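The values are calculated or read from the model by the stated rules, or taken from the named source; none is laboratory data. Computed from a predicted structure; not experimentally measured. Quick reminder, even Gly has a Cβ in these numbers, built from the backbone with ideal geometry, and neighbours come from all protein chains shown. When the accessible area is computed, the model is the full protein with side chains, heavy atoms only, and any ligands, DNA or RNA have been set aside. Shrake-Rupley method; radii C 1.70, N 1.55, O 1.52, S 1.80 Å.
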Amino acid sequence: MPKLAREAEAIPAISDLLAAPEVRGALDFLKQNNGFSDDELIAICEIAAPPFKEGQRAQFVARQLRELDFGDVLIDDVGNVIATRAGTGAAPGVTGNSNHGRRRGARDHRTVVISAHLDTVFPEDTDVRVRREGTRLHAPGISDNACGIASLLSLAKAMSAGGIKPSATVCFAATVGEEGEGNLRGVRHLFSKGGFDDPVAAFVSLDGPGLERITNRALGSRRFRVTITGPGGHSWGDFGIVNPVHALGRAIARFAAYPAPLSPRTSFNVGIVEGGNSVNAIPEKASMTVDARSVSVEEIDRIESYLRRIVDIAVREENAQRAFSGTDLESTVDLIGDRPSGETPPDSLLVQTAIECSRVLGIEPRLDCSSTDSNIPISLGIPAITIGVGGQSGNCHSLTEWYEPTGRELGLKRLLLLTVALAGLAD
Ligand SMILES: [Zn+2]
């Protein structure tokens, strides 16, 4: 096993943690419950949580957390569930931090956030009842992210069962709006208006199954709606005036020729094209939606400025060609989604701790890039990763999604170790 760079003595010895009686108590709880029970997972999955309508599932999660010996459990203004287990200890191995005035032995003014998103991609009328086939469970949203929420609850229960008193404050967050047009609104709120009393030292998002992937790079994306408008008219009687669909066509042809680099990996897509009312009417309006993604924010900036430029050129060309008609087109490029990119460095304390907690359990992790709730803290310079909770899945985001829970106990064990390693144990 290659020796990895690490931040001096800061990583606690994982094997010492495994020997602590309260950790052993929590691990016993996880063993008895096989990580989390099928019934718990099914109960979560069968409460529909469509985009922008996560309320019922949030209430369920809040009720479960309120049965534990926590301080506050609240549902915030946007619908995130937040439960806080206040830290009681002194900061271990912290030798002074000019930002927060910490000293060795001072109260541990850090927060560790463990989170999972509540929402699914499925609309309200989707049948979310779970069907069993052997050990496999079938239902839309069962793996993304009912299993993440089940793990979050199980972790909280295991910590209570073992009587774990963390040194840093541990905050359990079930977030809204991770998927699609939710545009990470839940986690955005947590890190803006939501606020934490103490600085967030680590943010861990539980999203989907699997054990190997540690997502430390945030795949950024930006989405736009391009709209071109003109006077419109009759295809014969008004021929010669500007045509928004013709201009949009010019724009798409130019945009499609954009030379996206292979590295840093970058993609772009025109997803929806709309416009016009009739085959024999010059349209008043044409629009398209555009998705741009890259592991590098500079590349996304570049695509955005290219898009704005070619829309401008396409409109000017159409206006110039039809100048004799005295009509003009206008255009707007509106931002409809924005997920920032960035990276929690591989040699950061958080990534190194996650790697060690995995290896101690025989899991060989690999670092990964994806678009998740962690995008927001990463973009703010707060260490964040997204991990799987164990088990396997297939057909995510489709009606035939399934989850195979074998291996989830190991996932929960890793999660418990990671949480305790990050937060520390109070004396
Ligand atoms: Zn997800």
Rounded to the nearest 10 degrees, the helix 244-256 long axis (Cα) sits at an angle to the longest Cα principal axis of the chain of 50
Measuring from the longest principal axis of the C-alpha atoms of the chain, the long axis of helix 297-321 (C-alpha) lies at a number of degrees, nearest 10, equal to 10
Excluding residues fewer than 8 positions from residue 165 in its own chain, the lysines with Cα under 24 Å of it are 31, 157, 413
With all protein chains in place and a 1.4 Å probe, residue 234 shows an accessible area in Å² (nearest 10) of 90
Averaged per residue, the 1.4 Å probe accessible area of the chain, protein heavy atoms only, in Å², is roughly 44
Filtering chymotrypsin sites (Phe, Trp or Tyr not before Pro) in the stretch 31-70 by DSSP loop and by at most 15 other Cβ atoms within 10 Å leaves 52
For residue 285, counting only lysines whose alpha-carbon sits under 21 Å away and dropping same-chain residues fewer than eight positions off, the answer is none
Out of 331, 371, 143, a Gaussian network model of the chain with alpha-carbon springs under 10 Å gives the largest mean-square fluctuation to 331
Percent antiparallel among DSSP beta bridges confined to the chain, nearest 5, equals 70
Square roots of five times the C-alpha gyration tensor eigenvalues of the chain, ordered largest first and given in whole Å, equal 47, 24, 18
Of the accessible area of the stretch 31-83, computed with a 1.4 Å probe and all protein chains kept, carbon and sulfur make up a percent value of 45
One finds the C-alpha centres of the stretch 134-170 and the stretch 354-427 to be spaced, in Å, by 11
With Cα coordinates, the longest principal axis of the chain makes an angle with the long axis of helix 147-162, in degrees rounded to 10, of 20
Note to self, the chain gives a 222 nm [θ] from helices alone (DSSP H runs n ≥ 4, -39500 (n - 2.57) apiece, / all residues, nearest 500) of -9500 deg cm²/dmol
Taking only protein heavy atoms and a 1.4 Å probe, the highest-to-lowest accessible-area order of 127, 108, 144 is 127, 144, 108
Ordered by number, the chymotrypsin sites (Phe, Trp or Tyr not before Pro) in the stretch 209-295 that occupy a DSSP loop and have at most 15 other Cβ atoms within 10 Å are 236, 239
Expected unfolding gain across residue 66-residue 43 under the 0.36 nm per residue rule, minus the alpha-carbon gap, is 6.6 nm
Measure of exposure for residue 111: accessible area at 1.4 Å probe, Å² rounded to 10, is 10
Among GluC sites (Glu not before Pro) in the stretch 122-225, those in a DSSP loop whose Cβ has at most 13 other Cβ atoms within 10 Å are 124, 212
